[in-house]
Amino acid sequence: MTDFDRKALLRAAMKAREFSYAPFSKFYVGAALLSTDDKIYTGCNIENSAYSPTLCAERCAVAKAVSEGARHFVAIAVVGPEDSETTPCGVCRQVLYEFCDESLVVLCGGTESHYMETTLGELLPKAFRL
Ligand code: THU
């Protein structure tokens, strides 16, 4: 991944964060998933009055990608509050693992200049797969 890719992915995630529907937590999240054929799929969190149907930004992006035929990914950017390094929740880690391996790059922000870089393998060691 180049620095150009990192910035593009973080910027796409920040743009998606603008569409976040989070009236309950007010925790606004955007995600951008980069496929191996260089396409970016974005998502935002979508909360619900009944709470449990809430969809995280990462799973929103995965659903959009997979439903459009993409199944192979290089990286994902996740951005929550600007001063944070928001990491994917446990459920999203497992959902990402369904389509990615340990090497998936995960950018956890922030902003395009404030983020932490890790991998799915670091976030979900000894992951479950059938
Ligand atoms: N959230 C995400 O969108 N992604 C994560 O990985 C962490 C949590 C959302 C779900 C909920 O709308 C809000 O952040 C607070 O948990």
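Over 23 Å apart at the Cα level, from the set LYS15/LYS39; LYS7/LYS39; LYS15/LYS126; LYS64/LYS126; LYS39/LYS64, are LYS15/LYS126; LYS64/LYS126.
Once the 1.4 Å probe is applied to the protein heavy atoms, region 69-130 comes out at 52 Å² accessible per residue. Using a probe of 1.4 angstrom, how much of the accessible area of the chain is carbon and sulfur, in percent? Carbon-and-sulfur percentage of accessible area, whole number: 56. Take LYS39: with every protein chain present and a 1.4 Å probe, its accessible area is about 110 Å². Where only DSSP H runs of four or more residues are counted, the chain gives -9000 deg cm²/dmol as its mean residue ellipticity at 222 nm, each run worth -39500 (n - 2.57).
The values are calculated or read from the model by the stated rules, or taken from the named source; none is laboratory data. Values in this document were obtained by computation on a predicted structure and should not be read as measured data. Only protein heavy atoms, including side chains, enter the accessible area calculation; ligands, DNA and RNA are left aside. Shrake-Rupley method; radii C 1.70, N 1.55, O 1.52, S 1.80 Å.
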